[in-house]
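**Student:** A single structure is presented below for examination.
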Amino acid sequence: MTRHARMQGRPALFLPGLDHASIAAQYVLDKLLAKKGQTRATLGREKYLDAMWEFVHETRQTILGQQRRVGASLDMSRLRFTMDDFSARAVREAFLRLYREGLAYRTEALIHWCPGCRTSVSDLEVIPNETTGSLWTMRYHLIDDVSGAPDPNAWIAVATTRPETLLGDTAVAVNPEDPRYTALVGRRAMIPFVNRAVPIIADAVVDRGFGTGAVKITPAHDNDDYETGKRHGLPMITVLDDAARINENGAEFTGLDRFEARKQIVAALEASGDLESIKPHEMMLGRCQRSDDVVEPRLKTQWFVRVAPLAAAALEATRSGKTRILPERFVKVWEHWMTDMRDWNVSRQLWWGHRIPAWYCPDGHTSVAVDPAGPSACEVCGRPAADLRQDEDIFDTWFSSGLWPFSTLGWPEKTRDFERFYPTSVMETAYDIIFFWVARMMMLGIHLTGEAPFHTVYLSGLIRDPYGQKMSKTKGNVVDPLGTIEEVGADALRFALVNGAAPGNDTRLGAEKLENSRNFANKLWNVARFVLGARPASIPAGTRRALPDRTEAGPADRWILSRAAATVAAVDRAMAAYTFGDASQILYEAIWNEYCDWAVELAKIRLGDERLTPAEREATWWTLVDVLDTYLRLLHPIMPFITEAIWERLPHLAGDPALLIVADWPSAAPAATDGPAESEVSALIDLVRAIRNARSEARIEPGAWLPVDIYVPESLAPTLEALQPALERLSRARPLRREPNLDAIRGAVEGGLSVIAGEIEAVVRPVARDDAQEERDRARLDRELAEAQALLASARARLANEAFTSKAPVAVVDAARARAAELEELVDRLSQRLS
């Protein structure tokens, strides 16, 4: 996209950057330290961060080296890092503004806690996994209203998937409409092991069909229970520590890992006769995206961002068309997420990242400052800075990433870069982080700058292996980009990634696709060598490029010039629609199937034709150069290295720059279009193909020369005459005789091969024929008839579709009708041949 925009003369900034990837980086570094017998705790914060900076400096060179090798068209003078001074200033300023507006607040709330990473994680970082767990049904004995002791003969049975959390239960809940428990509402039950008497409450949130219809309520460790606890004013007792071990509230289970505590609690319930049943239970288990640990809901005091007004502004931008999402099918997903967002927990209990710029005084007051040294005194009571303590937590990495479109341009200052490049044009990212990143950028960008950060969000898919499996080191199916570049080249890798890709769709990448892309690069290189080596002697070396003289050009020259103009228009449409896979396929077919296979082959024969004048041969060569130049410009955004290398060797027009990267994008000039040349030459190319196919199916020696009689309409006669030497050689026809009488052609089929290509009919003869040959010839004609009938049926169905005929442009409908008429005629002629 950047290379294309630059060639169009548009300001094109692809800003290079690196993300500190807080939780991911710590996860990797912690593993590296563990191999040395070190941990975060043994190093301490300062030494740990020193080790992290050393790790970051090593990996950043790897990342930037990969981007250079793959040909990312980046402005390296503007390299940014989400932990550099620009980002740090922007993070503090953004947080201060949100805090002063009441959009950033600190409170105790239920959050997702990862015991492996030892930090809170966002809703989006919890990955739901279908699993078969267990549903335990256990008894809580009722409290005798007279004695105040638990009644050994009276209980309420509750079902749970997490028995260890009973240590934090503060109620039992039933549905108010459930007649089984009407009499028990208001009574109390005893929680085993901790001997806590809790009320039996009625709440409509309880599903009567789940388990026994009675559920335990643990407000500090379950999202639904937390809301129930708030409604009923229940105590909230935390029973798990940072490592998911039972804390001091767990009676005899204190210090045990949560899963070991589960085993012992179940065993103790069974031993006391209070375990009624254990049943398999299908459930969704949330796991940490990074560590894969089971995530625990947990009460924690954290900083949150109030997202409702921010999300509303982001939604307005997409609904009004200020920002569009491609592909459009993701708009519904976007709407769903943005209308159902909970407040964003931005606190992380990590060390690598932007530390939250909030300071607390002993009296419980909070001060927020932009100065990294902190406030000079408490903003509320005036206590000196020495009495203040900075928050230990850091920001969620997506907070700084959400500021990226403008923090990298100098915000909050109104720098020249900010004024020129913000808002930006296109944001490209994979669809799996649309809410991690895109939503954050939209919400923060609109709120802090007043404008949506980009007008288009382009969502690409993920790269998968040839079988559609996600790449992973454990599966051994990862394609290493640098190793691939060493093997097939960066251009082949780029083409393989783009070709066939559609917005939002995953792409399969394997050896076959990479090999095909390398073959395409080799084809382009070899055809360029031929063109440069075929320069007529009448054109001195070093001559500036001249535009083809159409008055001296042959039909094939005018054909390929017209096809190149059509290719420019088609690529322009694909690029404008962000369908880069289509653009690459259009170029593949134009370069390989038209330019290499036909234009160059036809030109070889014309350049060697001594009957032509030097001016005619020069026109043909300049045509090859002109079209190659056009295709190199079109292909450059996808395959920059090889196109730059070839273009450097081509003759250039006056005014062309030294480098293709800054050359002008070709224009689809209507004057270059030559409809008659396209149709006439294409018809004769189809004839050559048909003759080759017929010879192949008849098992005729490829090098054998055979006489061919041909009938062409009068309108094609001049083009046939001009291309006859090429047609003879390409179809191994000697002699190639034009028969003006169609009936004569049809009557001469006996003993020869019948060939039909559009309006052209031909007979390849003589061929010794036997019954087997007759059957092969009939089978070929049967196949051609079936194909023509299928195409005709499709064309008729399209014309019968009122939505097409009434809405499509008149020219398109007329062309469809003309095509249907051609197919009808072809079906008739093939049927006559068979009969």
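The values are calculated or read from the model by the stated rules, or taken from the named source; none is laboratory data. Quick caveat, the model's predicted, so the values are computed rather than measured. Here the Cβ positions follow ideal geometry from the backbone for every residue, glycine too, while neighbour counts run over all protein chains shown. With ligands, DNA and RNA removed, areas are computed over all heavy atoms of the protein, side chains included. Shrake-Rupley method; radii C 1.70, N 1.55, O 1.52, S 1.80 Å.
**Student:** So if each residue of separation counts as 0.36 nm, and I subtract the Cα-Cα distance between A576 and L462, what length gain in nm does that give?
**Tutor:** Details: separation 114, 0.36 × 114 = 41.04 nm, distance 2.21 nm.
Contour length minus Cα-Cα distance gives 38.8 nm.
**Student:** Okay, moving on. Report the FRET efficiency, 1/(1 + (r/R0)^6), for E379 and N195, where r is their Cβ-Cβ distance and R0 is 45 Å, rounded to 0.05.
**Tutor:** Step by step, r from the Cβ atoms, then E = 0.45.
**Student:** A further question on this structure: Could you sort K470, K35, K604 by their accessible area in this structure, using a 1.4 Å probe and putting the largest first?
**Tutor:** K35, K470, K604
**Student:** Where does the charge balance sit around H652 when Lys and Arg score +1, Asp and Glu -1, over other residues with C-beta under 15 Å from its C-beta? Please list the in-between numbers first.
**Tutor:** On the way: positive: R535, R544, R545, R633, R649; negative: D626, D629, E644, E648, D656, D664.
Result for the neighbourhood of H652: -1.
**Student:** Still on this structure: Between (1) 46.1; (2) 52.6; (3) 49.6, which entry matches mean projected area of the Cα convex hull in nm² as derived from the coordinates of this structure?
**Tutor:** Among (1) 46.1; (2) 52.6; (3) 49.6, the one calculated here is (3).
**Student:** Further question: Cβ under 14 Å from V206's Cβ, V206 left aside: what net charge do those residues give with Lys, Arg +1 and Asp, Glu -1? Provide the component values of the computation, followed by the final result.
**Tutor:** On the way: positive: R180, R208, K216, R231; negative: E177, D178, D203, D207, D222, D224, D225, E227.
Net local charge, V206 excluded: -4.
**Student:** With only Lys, Arg, Asp and Glu charged, each at its Cβ (+1 for the first two, -1 for the last two), find how big the charge dipole of the range 38-108 is about the Cα centre; round to the nearest 20 debye.
**Tutor:** About 120 debye.
**Student:** Alpha carbons only, please: Rg and Dmax for the range 62-118, in angstrom.
**Tutor:** Rg, Dmax (Cα atoms, Å): 18.3, 48.
**Student:** Heavy-atom accessible area per residue, the chain, 1.4 Å probe: how many Å²?
**Tutor:** 47 Å²
**Student:** Here is a further query. Nearest 5 is fine: what % of DSSP beta bridges in the chain come out antiparallel, could you say? Show your work: numbers first, answer last.
**Tutor:** Working: 66 of 86 bridges.
Beta bridges within the chain, antiparallel portion: roughly 75 percent.
**Student:** State, to one decimal in nm², a quarter of the convex hull surface area for the C-alpha atoms of the range 661-733, i.e. the direction-averaged projected area.
**Tutor:** 7.8 nm²
**Student:** Let me know the volume per residue of the alpha-carbon convex hull for the range 492-608, in Å³.
**Tutor:** With only Cα atoms used, the range 492-608 gives 121 Å³ per residue.
**Student:** While we're looking at this one, here's another question. Cα gyration tensor of the range 550-633, axes a ≥ b ≥ c as square roots of the eigenvalues: rounded (a/c below 1.5), prolate (a/b > b/c) or oblate?
**Tutor:** Here the range 550-633 falls in the prolate category.
**Student:** List the residues whose amide H sits under 5 Å from the amide H of L240, counting only those 5 or more places along or on another chain, with H placed 1.01 Å from N in the peptide plane.
**Tutor:** N247
**Student:** If you don't mind, there's one more thing I want to ask. Would you mind getting me the FRET efficiency between N223 and L791? Use the beta-carbon distance for r and R0 = 60 Å, nearest 0.05.
**Tutor:** The pair N223/L791 has a calculated efficiency of 0.55.
**Student:** Using 7 Å Cα-to-Cβ label points, what is the N741/Q66 separation (nm, one decimal)?
**Tutor:** 7.3 nm
**Student:** Full-extension gain between A243 and W592, please, as 0.36 nm times their residue separation minus the C-alpha to C-alpha distance.
**Tutor:** Numbers: separation 349, 0.36 × 349 = 125.64 nm, distance 6.07 nm.
Here the segment from A243 to W592 would lengthen by 119.6 nm.
**Student:** Now a separate question. Could you give the length gained on full extension between V810 and K523, defined as 0.36 nm per residue of separation minus the Cα-Cα distance, in nm? Please list the in-between numbers first.
**Tutor:** Details: separation 287, 0.36 × 287 = 103.32 nm, distance 3.93 nm.
Contour length minus the Cα-Cα distance gives 99.4 nm.
**Student:** Still on this structure, I have one more. For the range 711-835, what class follows from the C-alpha gyration tensor (a ≥ b ≥ c being the square roots of its eigenvalues): rounded when a/c is under 1.5, otherwise prolate if a/b is larger than b/c, else oblate?
**Tutor:** oblate
**Student:** In the chain, which whole DSSP H runs stretch at least 30 Å along their own axis (Cα) and average -1.0 or higher on the Kyte-Doolittle scale? Intermediate values should be presented prior to the final figure.
**Tutor:** Details: long enough: 45-70 (37 Å, -1.02); 511-533 (33 Å, -0.40); 555-576 (32 Å, 0.39); 614-635 (31 Å, 0.05); 675-697 (33 Å, -0.14); 771-800 (43 Å, -0.80); 810-834 (36 Å, 0.12).
What comes out of the filter, once short or polar helices are dropped, is 511-533, 555-576, 614-635, 675-697, 771-800, 810-834.
**Student:** Which distance in Å, rounded to a whole number, links the C-alpha centroids of the range 9-23 and the range 680-755?
**Tutor:** Answer, in whole Å: 58.
**Student:** If each DSSP helix of 4+ residues adds -39,500 (n - 2.57) and the sum is divided by the residues in the chain, what number results at 222 nm, nearest 500 deg cm²/dmol?
**Tutor:** Roughly -13500 deg cm²/dmol at 222 nm, from the helical runs in the chain.
**Student:** How high is the relative contact order of the chain, given as a whole-number percent (alpha carbon pairs under 8 Å, six or more residues apart)?
**Tutor:** 10 percent
**Student:** Still on this structure, please answer the following. Listed here are the pairs K216/K279; K47/K475; K523/K604; K470/K513; K322/K807; K322/K414; which of them are more than 25 Å apart at the Cα?
**Tutor:** Numbers: K216/K279 17 Å; K47/K475 36 Å; K523/K604 16 Å; K470/K513 17 Å; K322/K807 27 Å; K322/K414 22 Å.
Checking Cα-Cα distances, K47/K475; K322/K807 exceed 25 Å.
**Student:** Quote the FRET efficiency, to the nearest 0.05, computed for D340 versus R45 with a Förster distance R0 of 25 Å and r equal to the Cβ-Cβ distance.
**Tutor:** Efficiency at R0 = 25 Å is approximately 0.10.
**Student:** Oh, and also: Using only the Cα atoms of the range 770-835, build the gyration tensor, take square roots of its eigenvalues as a ≥ b ≥ c, and label the shape rounded, prolate or oblate: rounded if a/c is under 1.5, else prolate if a/b is larger than b/c, else oblate.
**Tutor:** Prolate is the answer for the range 770-835, as a/c is 1.5 or above and a/b outweighs b/c.
**Student:** Rounded to the nearest Å, what's the spacing between the alpha carbon centres of the range 230-274 and the range 505-562? Just the number, please.
**Tutor:** Their Cα centres are 74 Å away from one another.
**Student:** Follow-up question, since we're still on this one. Take N477 and A654, extend 7 Å from each Cα along the Cα→Cβ direction, and tell me the distance between the two endpoints in nm.
**Tutor:** Computed distance between label sites N477 and A654 equals 5.9 nm.
**Student:** More than 18 angstrom separation, counting every C-alpha pair in the range 82-148; what % is that?
**Tutor:** Above the 18 Å cut-off, the range 82-148 has 73 percent of its Cα pairs.
**Student:** Hey, another quick one. Which distance in nm do the two modelled labels at A251 and E487 give, with both placed 7 Å along the Cα-to-Cβ direction?
**Tutor:** Modelled inter-label distance: 6.1 nm.
**Student:** Magnitude of the Cβ-charge dipole of the chain, K/R +1 and D/E -1, about the Cα centre, nearest 20 debye?
**Tutor:** 1160 debye
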